Amino acid sequence: MKFYFTFFLLIFMVSCSKENNSPSNTSSNQQFPDKVGNHWVYKYNDGSNSEQYIFVDIVGTGILPDGQNVTIWTSTLQDATNRKYLLDSSFVVVDEQKAVFYGVPCLTCTTQMPDEKRRYIFPLQVNNKWFTDKFFGDTTKVLNENSLTVPAGTFDSTFELSKTVGYAVNSFTKDTIWLTPNIGMTKFYQNEYSLGQLPGNGIWELLSYQLK
């Protein structure tokens, strides 16, 4: 009888330890969702008080001119009249250390490699920051880690980042990005100017998502 009780107690302890072993934000589990078919829907507010949405989709794969494998991302705006407009396309390179967003390659240009648009360095840690070689500076910094509530729900361990590009010929970038590991971007404040405000400026809040 004592043997059976000890065996049962051991099994119970192992079961409990597995159930309570919730993941933490370490370099091994800060996954950046990057599979074809992933789909995010954002409630979009550009200050007009109209009902608008932005759809972000991973639609395929490709190869950059330098040979790197990428996934192809699109961002589509649906306005208050349900008309849809393509906002942006990106070629995205993801590995365990980083996620880098590039523009679409120009295969007929002298310089075929597209410009880098955005970069995330993993693991995300508060006060980490990184730069690109743009002439007027391009700095991304991890500001803090908190829970975040958006229409899709409340997400713990969400990192708030700033991305700043200095003034250059009437253009600048002062974005704020909220990233939740294993989910992706849960909120975005786009504040970009290039001879005028760029499409997509305003607040994006995650409404729903489907990950493969």
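Condition first: hydrophobic (A, V, I, L, M, F, W, C) and open to solvent by 50 Å² or more (accessible area, probe 1.4 Å). Now tell me which residues in the stretch 166-178 satisfy that.
Step one: filter the stretch 166-178 for residues hydrophobic (A, V, I, L, M, F, W, C), giving 168-169, 172, 177-178.
Within the stretch 166-178, 169 is the sole residue that qualifies.
Give me the pairs, please: first residue somewhere in the stretch 98-127 and closer than 26 Å to residue 178 by Cβ, second residue anywhere and among the small types (Gly, Ala, Ser) and part of a loop (DSSP other than H, G, I, E, B), beta-carbon distance under 7 Å, and either six or more positions apart or on two chains.
The qualifying pairs are 114/103; 115/103; 117/103; 122/27; 123/27.
For residues that are of a type in the set (A, V, I, L, M, F, W, C) and more than 16 Å from the chain's Cα centre (by Cα), scanning just the stretch 67-86, find the one that is modelled with the lowest pLDDT. Full working, then the answer.
First, pick out the residues of the stretch 67-86 that are of a type in the set (A, V, I, L, M, F, W, C): 70, 72-73, 77, 80, 86.
Next cut, more than 16 Å from the chain's Cα centre (by Cα) only: 77, 80, 86.
Values: 77: 97, 80: 92, 86: 96.
Within the stretch 67-86, the match that is modelled with the lowest pLDDT is 80.
Got a sec? Which of 91, 122, 136 is over 21 Å from residue 194 (Cβ atoms) and either surrounded by 17 or more Cβ atoms within 10 Å (Cβ to Cβ) or aromatic (Phe, Trp, Tyr) (or both)?
From the options 91, 122, 136, the qualifying one is 122.
Whether any residue in the stretch 19-36 is within 30 Å of residue 197 (Cα to Cα), of a type in the set (A, V, I, L, M), surrounded by 10 or more Cβ atoms within 10 Å (Cβ to Cβ) and at pLDDT 90 or above is what I want to check.
Checked against the condition, which is being within 30 Å of residue 197 (Cα to Cα), of a type in the set (A, V, I, L, M), surrounded by 10 or more Cβ atoms within 10 Å (Cβ to Cβ) and at pLDDT 90 or above, the stretch 19-36 yields no hits at all.
To keep it simple, each residue is scored yes or no on (1) open to solvent by 30 Å² or more (accessible area, probe 1.4 Å); (2) in contact with a Pro (Cβ under 9 Å, 6 or more places away or on another chain).
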site	(1), (2)
143	yes, no
158	no, yes
164	yes, no
180	no, no
183	no, yes
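Would you be able to tell me the number of residues in the stretch 120-170 that are among the basic types (Lys, Arg) and out of contact with any Lys or Arg (no Cβ under 8 Å at 6 or more places or on another chain)?
Going through the stretch 120-170, the residues among the basic types (Lys, Arg) turn out to be 129, 134, 141, 163.
Still in the running and out of contact with any Lys or Arg (no Cβ under 8 Å at 6 or more places or on another chain): 134.
The qualifying residues number 1.
Please enumerate the residues belonging to the stretch 185-212 that are under 24 Å from residue 96 (Cβ atoms), at pLDDT 95 or above and either open to solvent by 40 Å² or more (accessible area, probe 1.4 Å) or of a type in the set (Val, Ile, Thr) (or both).
Across the stretch 185-212, the qualifying residues are 186, 209, 210, 211.
Being more than 11 Å from the chain's Cα centre (by Cα) and small (Gly, Ala, Ser) is the filter here, so list the residues in the stretch 166-212 that pass it.
Once the filter is applied, which keeps residues that are more than 11 Å from the chain's Cα centre (by Cα) and small (Gly, Ala, Ser), the stretch 166-212 yields 166, 168, 171, 194, 196, 200, 202, 208.
I'm trying to understand the selection: among the residues of the stretch 158-178, which are among the hydroxyl-bearing types (Ser, Thr, Tyr) and at pLDDT below 95? Let's see the steps before the verdict.
Residues of the stretch 158-178 among the hydroxyl-bearing types (Ser, Thr, Tyr): 158, 162, 164, 167, 171, 173, 176.
Result: 164, 167, 171, 173.
Within the stretch 68-156, which strands (runs of 3 or more DSSP E) (wholly inside it) include 2 or more residues that are hydroxyl-bearing (Ser, Thr, Tyr) and closer than 24 Å to residue 187 by Cβ? Break it down stepwise before answering.
On the way: elements: 69-78, 84-94, 98-102, 116-121, 129-131, 138-150.
Filter on the stretch 68-156 gives 69-78, 84-94, 138-150.
The values are calculated or read from the model by the stated rules, or taken from the named source; none is laboratory data. In this text, all values refer to a predicted model and were calculated from it rather than measured experimentally. Virtual Cβ from ideal backbone geometry, glycine too; neighbours counted across all protein chains shown. Quick note on the areas: whole protein, heavy atoms, side chains included, nothing else; ligands and nucleic acids left out. Shrake-Rupley method; radii C 1.70, N 1.55, O 1.52, S 1.80 Å.
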